[in-house]
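For reference, the structure is listed below as structure tokens.
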Amino acid sequence: MTDQVTALDLPMQEPLPDRTQKYFDICQEKLGMVPNVLKAHAFDIPKLEAFTALYNDLMLGESGLSKLEREMIAVTVSAINHCFYCLTAHGAAVREMGDPELGEMIVMNWRVADLPARQRAMLAFTVQVTEASSTIEEADRQVLRDHGFSDRDIWDIANVAGFFNMTNRIASAVDMRPNPEYHGMAR
């Protein structure tokens with residue numbers, strides 16, 4: 001295994017701008033690593049900043065969805081797309097926030113998890129966004145409303161699912177490799 005985080009020869013900018021280095025230092029302090037997805041984007045600092053701004057807004061910003069629910073969406077999308085990077089990284093997040101068994105179930109097949117009807121509806125909609133978004137109709141959104149999701153929540157589900165469909169495709173196309181630390185987290 002090489003030190004490259006993707007199959008492309010796009011090394012991180014050196015030196016990193018002070019603001020980027022500070023962000024990476026915070027990641028190292030809080031997570032014990034700098035996620036490879038950030039390193040992969042660091043050849044182009046404006047692209048890294050755009051990626052992190054959108055990710056942070058979708059995954060950490062105000063929402064009626066819990067952080068765990070957003071991670072569950074990420075893992076469900078990634079399972080459908082067979083994205084090694086995101087299954088590894090976000091599977092670890094679900095294991096840490098939910099429990100190890102839940103993380104493994106969602107990685108393998110979310111349908112085997114003992115989830116409340118609300119989360120099952122959320123993940124079924126996530127699957128539809130991922131596999132056949134052009135088939136979504138008002139009745140599909142109404143199912144979510146009937147399970148207590150607001151229109152803003154539906155927006156957030158669609159946006160998180162859409163974001164991970166995009167990032168899964170990029171990660172797979174460039175053979176982005178997850179940090180080895182993810183494999184042992186919350187096991």
Under the 7 Å Cα-to-Cβ spin-label approximation, Ser134 and Arg187 lie apart by a distance in nanometres of 4.1
Label selected from (1) 20.1, 67; (2) 16.8, 52; (3) 16.6, 49, the criterion being Rg and Dmax of the Cα atoms in Å as computed here
(2)
Going by average Cβ neighbours within 10 Å, how do the peptides 10-17, 171-178 rank, with the highest at the top?
171-178, 10-17
How far is it, in nm, from the label point at Leu16 to the one at Asp99 when both lie 7 Å from their Cα along the line to the Cβ?
3.6
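None of the figures in this text is laboratory data; all of them are computed from the coordinates on show. Everything numeric in this text was worked out from a predicted model, so none of it was measured. Here the Cβ is made from the backbone with ideal geometry for all residues, glycine too, and neighbour counts use every protein chain on show.
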